[in-house]
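A.B. asks: Mind looking over this structure? Questions follow.
Any read-out appearing in this document is the output of simple, stated calculations on the displayed coordinates, not a laboratory observation. Computed from a predicted model, the values in this text were never measured in an experiment. Counting neighbours? That spans all protein chains shown, and the Cβs are built from the backbone with ideal geometry, glycine included.
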Amino acid sequence: MDSERVKIGSNGRFVIPAAFRKALGVGEGDELLVRVVDDELRVCTTKAAISQAQERVRRYVPADTQLVDELIRERRRAAEQE
């Protein structure tokens with residue numbers, strides 16, 4: 001998707017063009033995550049941010065390991081020690 005020029009309006013607001021909103025699958029009332037990276041404004045959906053975080057974590061966890069099972073075991077051990 002090509003870039004598109006937008007103008008900053010009152011209160012620092014700008015409109016995300018319809019084609020970009022459609023590509024992200026977002027509409028009125030949806031929340032987006034915004035950050036500055038290398039002097040660029042990056043916008044992503046919460047779903048995309050969660051997927052990215054899961055991919056980062058998965059790099060450090062063996063494929064046959066279920067983190068939820070590990071957490072439950074850890075919590076049970078902690079409860080037994082109380």
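A.B. asks: Does Val34 fit the bill of being of a type in the set (Val, Ile, Thr) and loosely packed, with under 10 Cβ neighbours inside 10 Å? Walk me through it before giving the result.
C.D. replies: Values: of a type in the set (Val, Ile, Thr): yes; loosely packed, with under 10 Cβ neighbours inside 10 Å: yes.
Yes; evaluated as a whole, the condition is true for this residue.
A.B. asks: Please work out which residue is nearest to the chain's Cα centre (by Cα), limiting yourself to region 41-73 and to residues that are within 17 Å of Ala23 (Cα to Cα) and charged (D, E, K, R).
C.D. replies: Selected residue: Lys47.
A.B. asks: Has region 22-35 got at least one residue that is in contact with a Phe, Trp or Tyr (Cβ under 7 Å, 6 or more places away or on another chain) and not basic (Lys, Arg)? Even if it seems obvious, please write down each step before you answer.
C.D. replies: Keep residues of region 22-35 that are in contact with a Phe, Trp or Tyr (Cβ under 7 Å, 6 or more places away or on another chain), which gives none.
No - not one qualifying residue is present in region 22-35.
A.B. asks: How many residues are among the hydroxyl-bearing types (Ser, Thr, Tyr) and assigned to a helix (DSSP H, G or I) if we restrict to region 26-48?
C.D. replies: 1
A.B. asks: Checking the structure you have, find out if any residue of region 15-25 is free of Cβ contacts under 8 Å to residues at least 40 places away in the same chain, assigned to a strand (DSSP E or B) and of a type outside the set (Lys, Arg). Spell out the reasoning first.
C.D. replies: Quick first cut of region 15-25, residues free of Cβ contacts under 8 Å to residues at least 40 places away in the same chain only: 15-25.
The next check asks that each one be assigned to a strand (DSSP E or B); those that pass are none.
Within region 15-25 (the criterion being free of Cβ contacts under 8 Å to residues at least 40 places away in the same chain, assigned to a strand (DSSP E or B) and of a type outside the set (Lys, Arg)), the answer is no, since none of the residues qualifies.
A.B. asks: List pairs: first in region 58-82 and on the phi > 0 side of the Ramachandran plot and touching a residue at least 60 places away in the same chain (Cβ under 8 Å), second polar (S, T, N, Q) and surrounded by 10 or more Cβ atoms within 10 Å (Cβ to Cβ), Cβ under 6 Å, 6+ apart or cross-chain?
C.D. replies: From region 58-82, no pairs qualify.
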